[in-house]
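The values are calculated or read from the model by the stated rules, or taken from the named source; none is laboratory data. A quick note: this is a predicted structure, and the numbers were derived from the prediction, not measured. All Cβ positions, even for glycine, are placed from backbone atoms using ideal geometry, and neighbour counts span all protein chains on display. Note: accessible area is taken over every heavy atom of the protein model, side chains too, but ligands, DNA and RNA are not part of it. Shrake-Rupley method; radii C 1.70, N 1.55, O 1.52, S 1.80 Å.
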Amino acid sequence: MKLCMIGTGYVGLVSGVCFSDLGNNVICVDKDEKKINNLKKGIIPIYEPGLEELVLKNYKNKRLNFTTNLDNAVKKSDLIFICVGTPSKKNSNQADLSQIYSVVREISKSINKFKIIITKSTVPVTTGDYIEKIILKKIPRNKFSIVSNPEFLREGEAIRDFIYPDRIVIGSNDKKSNSIIKNLYAPIISKGAKYMSTNRRSAEMIKYVSNSFLATKITFINEIANLCEKTDINVEDISIGIGLDKRIGGRFLRAGPAYGGSCFPKDTKAILLTAKKFKTNLSVIKSVIKSNNERTKLLLKKVNQILNNKIKNKKICFLGVTFKANTDDMRDSSSLIMIPYLAKHGAIINYYDPTGYKQEFKKFKNVLCSNSIVDAVKASDLVIIHTDWNDFKSINFKKLSNSKKTKIYDLRNIFSKNKIKSLGFKYFSIGRSD
Ligand SMILES: NC(=O)c1ccc[n+]([C@@H]2O[C@H](COP(=O)([O-])OP(=O)(O)OC[C@H]3O[C@@H](n4cnc5c(N)ncnc54)[C@H](O)[C@@H]3O)[C@@H](O)[C@H]2O)c1
């Protein structure tokens, strides 16, 4: 099939490459010229395991192409996937749909024959209805169809998630488009993915409810971890104990820092706005957002305690600053609150992240990026393990730090408490007594 992906970010690039690998002709469009020129040279704009090989292979096979020319890409394609960003508006919970509507207006100028326009971006319920209205101003109803196909891939596992998803959700009010898209996904369905066909509004809602539920699970276990710390119980035993119940399930029950990333924070906030619009109170999701905001403050309070309320001039090392391991995505990472807070209180921060330097900390003179774990940890008063990259799991603190005064705060529980303590270090973790 002939497809174009508009927006070549985490979702557009990964899904575009995977669709091309399944044998389709795919044009990835982006307005960012530098990104497109780099992709043509084989330079991948994001860190995502396995992505580079797949891009190079399919670009060489000429099944995958990159362009900034949206008009041409739309004219040549039968299926148009919208994959642009839908972040929160500045100082508001509302989803900013300006990228979506701008792309839709452009698409409407380029429809030369029947097109299926598919939103892969996460968009609030009724967005498909508005998109349809915008296009109807220029194009007759029989020349296009608007479908919702929310994406559920996780950064760091994106290719595997795309090829082996739990489910594919297609929201369409039109049977013909539904069967064309089902055909596109046939190789993935044949590998065991469940295919769910529903109406457009339901598909839009499924994505928000899914993310809100996962955010609730994380927040729930994070609060239980607080209780475990005070009752001399290991929260991991609780996660296993409840997760073995099939009604609950073990995934997304790992206690840690506040959830972050490009999806959960903005999507939990946006569904509240949808609820408000339809005069409904989603009190559970409201509490989840509040609890998650408080979590970062709680962890900072603990850092204060660990350092005996003396942060000034203390050397603090952060291992990992992205919102989770195996991605370079900094969006809504809890480090964006923790590091500035500690820096403003006079700490000297050294961070190491396998995905490199982060410009988000550029304005802080006392926040430095180290090129290696060894350099970052050296002479630290406190090492904060913020994400659980495999590189961190094999750290030999005994070799790295000659000072037993170095304290370790493991926000991902990657180490055994007894093992680290037996080496003579003061070790603190999540949901386990100190
Ligand atoms: N990142 C994830 O893990 C993930 C997972 C599932 C769903 N989603 C959803 O998918 C959508 C995209 O997320 P993302 O993380 O890939 O975003 P992103 O910011 O990485 O990528 C968006 C891309 O769209 C491009 N763009 C913006 N306006 C454009 C225009 N007018 N023409 C062409 N390109 C344009 C930007 O330059 C950027 O490259 C969001 O709605 C998000 O909620 C994201």
Longest to shortest principal axis, alpha-carbon extents of segment 293-434, angstrom: 38, 31, 27
How far is the Cα center of segment 77-91 from the Cα center of segment 2-68, in Å? 16 Å
Can you work out D for segment 260-324 in µm² s⁻¹ from Stokes-Einstein, where Rh is the Kirkwood radius over C-alpha pairs, the temperature is 10 °C and the viscosity is 1.306 mPa s? 110 µm²/s
Along segment 94-107, Karplus-curve 3J(HN,Hα) (6.51, -1.76, 1.60; θ = phi - 60°) to the nearest Hz, with x for Gly and Pro, reads 5, 6, 8, 9, 4, 5, 5, 5, 5, 5, 4, 4, 5, 4
Using DSSP to define loop residues, name the chymotrypsin sites (Phe, Trp or Tyr not before Pro) in segment 310-394 whose beta-carbon has at most 15 other beta-carbon atoms within 10 Å. TYR357, PHE364
How are the Cα pair distances of segment 1-78 distributed, in percent, across 5 Å bins from 0? 3, 19, 32, 28, 14, 3, 0
Please grab the % of Cα pairs in segment 215-301 that end up more than 16 Å from each other. 57 percent
Pop out the ³J(HN,Hα) list for segment 216-229 in order, Karplus 6.51 cos²θ - 1.76 cosθ + 1.60 with θ = phi - 60°, rounded to Hz; leave Gly and Pro as x. 5, 4, 5, 5, 4, 6, 5, 5, 4, 4, 4, 6, 4, 4
Across 5 Å bins from 0, what is the distribution of all Cα-Cα pair distances for segment 323-364, in whole percents? 5, 21, 35, 25, 11, 3
Between segment 210-276 and segment 382-434, the alpha-carbon center distance in angstrom: 23 Å
In Å, the Kirkwood estimate of hydrodynamic radius for segment 62-122 over Cα pairs equals 12.8 Å
Accessible area per residue, Å², the chain with all protein chains present, probe 1.4 Å: 48 Å²
Cα Rg over Rh - the chain, Kirkwood: 1.00
Give a quick list of trypsin sites (Lys or Arg not before Pro) in segment 8-49 that DSSP marks as loop, anything other than H, G, I, E or B, with at most 12 other Cβ atoms within 10 Å. LYS41
Computed Kirkwood radius, in angstrom, where 1/r is averaged over Cα pairs of segment 372-412: 10.5 Å
Considering only Cα-Cα distances, which of the following residue pairs are longer than 19 Å: LYS2/LYS113; LYS2/LYS75; LYS302/LYS426; LYS358/LYS393? LYS358/LYS393
Among ASN418, ASN371, ASN234, determine the one that fluctuates most according to a GNM of the chain built with springs between C-alpha atoms less than 10 Å apart. ASN418
